[in-house]
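First up is the structure itself, then whatever we jot down about it.
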Amino acid sequence: MAIREPDERRSLTGSILKRGLRVVVFHPDDDDGATLANHLKRMGFHVEMIWPPRDALPSGAELVFRALPPEERVPDDSWLANNSLPLVAVIGYENPTFIDQALRMGAAAIITTPIRASGLLSAVIVALSHARQLRQVAQRIASLERKLNDAKVLNEAKTILMHAHGVGEGEAYAMIRSQAMARRVSVDDICHSIIQAGELLRRIGQPPGGT
Amino acid sequence: MTSSAPVKVGLLCSTTGPTALLEQSQWRGSMLAIEEINERGGLGGRELVALHRDPASEPLRFRELAERLIVEDGVNVIFGGYTSTSRKAMLPVVEKHNRLLIYSQQYEGFEFSDNIIYSGASPNQNGVPLADFMTETYGARVYMVGSRYVYPYECNRTMQELILQHPDGAVLGERYLPLDAKPGQFAEIVADIRKKRPDFVFSTVIGHTVPYLYEAYAQAGLDPCTMPIGSLNTSETEIHAMAHGMAAGHYTAAPYFQSLHTPENQAVLRRHRARFGAETPTDMNWEAAYYQMHMFANAFGACGTDEIGTLMPHMLGAQFAAPQGLVRIEPGNHHMALYPRIGRANADGQFDILRESTVAVPPDPYMSRQTLGDWVTKLAARDY
C-alpha cells in the first residue's frame with residue numbers, strides 16, 4: 001500500500017481545524033489549564049478537562065494533552081505510550097528531566113507553561129500530522145511484512161512441488177496458481193496446504209519412534 | 001518624579017515557611033548592600049529603598065506579590081526567590097510587565113529569560129566539581145536523596161550522568177521527601193543508606209528539612225570519613241540550625257563560603273557582624289544577594305535609571321569584586337561567571353576549603369559542554 005501524498009493544493013492545517021476534534025486535556029484547574037482550554041475552544045476544538053488523569057480515555061477522543069506537574073516524579077502513564085492517540089505533553093520546566101519524561105510517554109509535541117496562545121496551534125498540527133504519518137508507516141510496515149511472509153511461503157511450496165514432481169520453478173508456480181483458481185482460494189492458502197502436506201509426507205517417510 | 005526621589009526595589013524574602021531560613025539570609029545580604037550603598041550617597045543622591053514583602057515560601061504568593069509590587073508600587077526591579085518553583089511563578093509576571101527579576105540563588109539550570117538575571121551558581125559550577133571531587137576521593141556509587149520538586153530531580157539527573165561516566169558508577173538509591181517532611185522519614189532513608197553502603201550520599205534536600213537528614217545520619221552512627229554527604233545547597237545557615245557538629249566531615253560545593261580569606265569577604269564580614277551579630281552566619285545565598293544588589297546599584301549609577309531596556313546593557317558583562325572574587329554577569333545567558341569551590345564542614349559549622357578555582361568559570365546553564373572532570377574547571381582548580 002502506497003502512502004498517499006497529501007494534496008498540495010489543500011491546507012492540512014485547515015482540514016484539521018474544520019474537523020472540530022475532540023480533545024482531552026489532563027491538566028489541573030489553574031490559570032494555565034484555563035488558558036489552554038480556552039484557546040483550544042477558540043480554535044474550534046471540543047475540549048474535555050480532566051484532573052487527575054484517568055486510567056482510560058473517554059471514547060471518541062482524538063487528541064490528548066497531558067500536564068506533567070513537577071511534583072510527579074514518574075507519572076504512571078504507561079497506557080498512554082501504547083495508545084495510538086497523538087499526545088501533547090505540557091511541562092513546567094524545559095529541562096532534560098521533563099522532556100525525557102514526555103518522550104517516554106510517547107509525546108508527539110511538547111508545550112511549556114506559562115501557556116501562551118501562540119505556538120499552540122503549531123504543536124497541535126505537528127502532533128496530529130506526526131501521528132498520522134506514524135499510523136501510515138505502521139500500516140505500510142505491516143503490509144510489507146505480510147508480503148515478505150507470503151513470498152517465503154510461496155518459495156517453500158514451489159520447492160516442495162519441484163522436488164516431488166521434478167518440474168522447474170515456472171511450472172511449479174503455474175500448478176499452484178491453477179489450483180488456487182480452481183478452488184477459488186488464495187495462492188497463499190494453497191501454499192500453506194502444500195507445505196503442510198509436504199511436512200506430513202516427510203514424517204511418514206521417517207522410521208517410527210522418532211520425534 | 002524628581003531626581004531626589006528614592007529608588008524603590010522589590011524584595012521578596014519569606015519570613016515563614018520551609019525556606020524562610022535561607023530567604024532571611026538573602027534578605028540580610030540585600031539589606032547590608034543597600035545600607036552600604038546609601039551610606040556612600042545612594043544612587044546618584046537618591047536613596048535606595050527596599051519594599052520587603054513576605055511570600056511565606058509559597059510560589060503563588062511570590063507571583064501575586066511580584067505583580068502587586070509592579071502594578072501598585074511601581075517597582076521596576078525585584079530581588080528574590082529561593083526555590084525554582086518560586087522563580088518560575090514570577091517569570092510570567094516580569095515578562096508580561098517587562099520588568100527585571102534578580103534571582104539570587106544557585107539552581108539546576110535549563111532556563112533563560114530576557115527579564116531575569118540568574119546570580120547564583122549554574123550546575124557546571126557546583127554539580128560538576130562535586131561529582132569530580134567525590135568520585136575521585138570516595139568512589140562513584142552514589143545514593144541520592146532530595147526534596148520532592150524540580151531542583152532535586154534535575155540535579156540528580158545531572159549527577160547520574162556524571163557518575164555513570166565512571167566504569168564502576170552506580171546509583172544505589174534515589175529518594176524524595178516533601179518540603180515539610182518529618183525527621184522520622186529521614187531516619188527511614190538513612191536506614192536504607194546504611195544497608196546499601198554507597199561511596200557517598202548526594203543530598204538535594206532543601207530548606208528546614210536539611211538538618212533532619214544530617215541529624216538522622218549522625219544518629220544512625222554513620223561515618224562521614226567513609227561515606228560522606230555531598231550537597232550543592234547545604235550552607236553555613238542550615239548547619240547553624242543543626243545540633244552542634246552534626247555536619248562535620250560532610251561536603252558542599254559552592255562558589256562562596258563564610259570562611260574565605262579574601263579581603264572583600266573579611267571586610268564585609270565585619271560589617272555583617274556589627275549589623276546582625278557575630279552568631280549569624282553568612283552563606284552562598286547571602287553573598288549572591290549581596291553582590292547582586294551592588295551590581296544593580298553600579299549599573300543604575302552608570303545609566304541613571306532602573307528601566308530594564310536602559311539598565312540591562314549596563315548589567316550584562318559587568319564585573320564586581322565580590323567576597324568570593326571578581327564575578328561577572330555573562331551577557332549571552334544572564335548567568336554568573338563564578339569560582340567553584342569544595343568545602344568540608346568542620347566542627348564549628350564553618351567550611352574548610354579543599355579545592356577552589358583560580359579563575360572565574362563561565363556559566364553553562366544548559367550543560368552543553370560538561371563531562372566529569374571538565375577541563376576548564378580542572379585546569380583552574382587548586383587543591384589544599
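The values are calculated or read from the model by the stated rules, or taken from the named source; none is laboratory data. Worth saying up front: this structure is predicted, and the values here are computed from it rather than measured. Note that each Cβ is placed from the backbone with ideal geometry, even for glycine, and that neighbours are counted across all protein chains shown.
Listing for the model above:
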read-out	value
Filtered residue count, region B:78-112, keeping only those that are within 11 Å of chain A (Cβ to nearest Cβ), part of a loop (DSSP other than H, G, I, E, B) and either farther than 18 Å from B:A56 by Cα or among the small types (G, A, S) (or both)	6
Residue that is crowded, with 24+ Cβ neighbours inside 10 Å and of a type outside the set (D, E), where the choices are B:A253, B:A220	B:A253
A:R140 being within 23 Å of B:L91 (Cα to Cα) and in contact (Cβ under 8 Å) with a residue 24 or more places away in the chain	no
Filter result (in contact with a Pro (Cβ under 8 Å, 6 or more places away or on another chain) and part of a loop (DSSP other than H, G, I, E, B)) within region B:236-249	B:A241, B:M242, B:A243, B:M246, B:A248, B:G249
Candidates B:D283, B:D223 - the one that is of a type outside the set (A, V, I, L, M) and either touching a residue at least 40 places away in the same chain (Cβ under 8 Å) or on the phi > 0 side of the Ramachandran plot (or both)	B:D283
First in region B:167-189 and in contact (Cβ under 8 Å) with a residue 60 or more places away in the chain, second anywhere and aromatic (F, W, Y), Cβ under 8 Å, 6 or more apart	B:L179/B:Y149
Helices (runs of 4 or more DSSP H) contained in region A:83-186 and holding at least 1 residues within 24 Å of B:G109 (Cα to Cα) and under 30 Å from the mean Cα position of the chain (by Cα)	A:96-104
Residue check, B:T252 among the β-branched types (V, I, T) and part of a loop (DSSP other than H, G, I, E, B)	no
Unique residue being within 23 Å of A:F26 (Cα to Cα), among the β-branched types (V, I, T) and either outside the structural domain of A:E62 (by TED's automatic domain parsing) or surrounded by fewer than 19 Cβ atoms within 10 Å (Cβ to Cβ) (or both) when the list is A:V167, A:V90, A:V126, A:V153	A:V126
Scope region A:68-85; condition modelled with pLDDT of 85 or more and away from chain B (no Cβ under 14 Å); matching residues	A:L85
Conditions (1) within 14 Å of chain A (Cβ to nearest Cβ); (2) closer than 22 Å to B:G249 by Cβ: number failed by B:P224	(1)
Options B:L232, B:L213, B:L222; residue that is farther than 29 Å from B:N76 by Cβ, of a type in the set (A, V, I, L, M, F, W, C), assigned by TED's automatic domain parsing to the domain that holds B:L130 and touching a Cys at 6+ places or on another chain (Cβ under 8 Å)	B:L232
Residue in region B:52-72 that is crowded, with 21+ Cβ neighbours inside 10 Å, in contact with a Cys (Cβ under 6 Å, 6 or more places away or on another chain) and in the same structural domain as B:T310 (by TED's automatic domain parsing) present	no
Some residue of region B:66-77 being within 14 Å of another protein chain (Cβ to nearest Cβ) and either within 30 Å of A:A117 (Cβ to Cβ) or touching a residue at least 12 places away in the same chain (Cβ under 8 Å) (or both)	yes
Unique residue being under 18 Å from B:N285 (Cβ atoms) and either more than 14 Å from chain A (Cβ to nearest Cβ) or touching a helix residue (DSSP H, G or I) at 6+ places or on another chain (Cβ under 7 Å) (or both) when the list is B:G17, B:G45	B:G17
Residues (out of contact with any helix residue (DSSP H, G or I) (no Cβ under 6 Å at 6 or more places or on another chain) and surrounded by 24 or more Cβ atoms within 10 Å (Cβ to Cβ)) located in region B:164-188	none
Complete set of residues in region B:199-229 that are assigned to a loop (DSSP other than H, G, I, E, B), farther than 19 Å from B:P152 by Cα and under 25 Å from the mean Cα position of the chain (by Cα)	B:P224, B:M227
B:T204 being within 14 Å of chain A (Cβ to nearest Cβ), closer than 27 Å to B:T282 by Cα and surrounded by 16 or more Cβ atoms within 10 Å (Cβ to Cβ)	yes
